[in-house]
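**Student:** I have a structure here, written as structure tokens, and I will follow up with some questions on it.
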Amino acid sequence: MEMLQTAEFWIGLMKIIWINIILSGDNAVVIALAARSLPPHQQKQAIMFGSGAAVVLRIVLTVVAAWLLELKGLQIIGGLLLLWIGAQLLGEQEEDEGEAKEYGTLMAAVRPILIADLAMSLDNVIAIAGAAQTSGNPDHQMPLVIFGLLVSIPIIVWGSQLVLKLMDRF
């Protein structure tokens, strides 16, 4: 509990919260885009599966983050993967225009969520690890990383539901 009394811990904590607010938005948008093709009763399931997958992937990526940082061209590969996912999701929307709304399957919605989460969780993990390292005290790093991962969960779930409601409305 001594760490709660240091300014470095609280500054690191505020950095991690801010990073999560900014970087979890992309996960929320992809989850909402994929869930919108489902019937309303399955949309919440897709959001929960997608959010759970994002958190699990972040935990796994946190463990291997040091190794991933050494790979050359990883950001380019991640960017190309996101472009492919975006094209798939927008392509589905163009095909559906002018027709009666036809719902997809839960697995068809969860698959792009999992692929996108893999690519997009990497930026969160690297940013959280970097913010935790700047706390100054090595004893603070792991609690800050764990807290950063836990803060991601409600941000992604709430953000996905908000984006989905906005898409349905507009």
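The values are calculated or read from the model by the stated rules, or taken from the named source; none is laboratory data. Note that the coordinates shown come from a computational prediction; the quantities given were computed from them, not determined experimentally. All Cβ positions, glycine included, derive from the backbone under ideal geometry; neighbour counts span all protein chains shown. Just the protein is used for accessible areas: all its heavy atoms, side chains included, with ligands, DNA and RNA removed. Shrake-Rupley method; radii C 1.70, N 1.55, O 1.52, S 1.80 Å.
**Student:** For the subset of the range 93-115 comprising residues that are surrounded by fewer than 14 Cβ atoms within 10 Å (Cβ to Cβ) and part of a loop (DSSP other than H, G, I, E, B), which member is modelled with the highest pLDDT?
**Tutor:** Thr105
**Student:** Give Ile85, Ile47 a once-over and let me know the one that is closer than 12 Å to Met120 by Cβ, more than 11 Å from the chain's Cα centre (by Cα), at pLDDT 75 or above and open to solvent by less than 20 Å² (accessible area, probe 1.4 Å). Before you say what the answer is, go through the steps one by one.
**Tutor:** On the way: Ile47 fails: closer than 12 Å to Met120 by Cβ.
Matching residue, one of Ile85, Ile47: Ile85.
**Student:** Taking the condition of being crowded, with 18+ Cβ neighbours inside 10 Å and within 9 Å of the chain's Cα centre (by Cα), how many residues in the range 124-154 meet it?
**Tutor:** The number of residues fulfilling the criteria is 2.
**Student:** Would you confirm, using the coordinates I've provided, whether Ser37 is of a type in the set (Ser, Thr, Tyr) and either open to solvent by 20 Å² or more (accessible area, probe 1.4 Å) or more than 12 Å from Ile113 (Cα to Cα) (or both)?
**Tutor:** Values: of a type in the set (Ser, Thr, Tyr): yes; either open to solvent by 20 Å² or more (accessible area, probe 1.4 Å) or more than 12 Å from Ile113 (Cα to Cα) (or both): yes.
Yes, satisfied.
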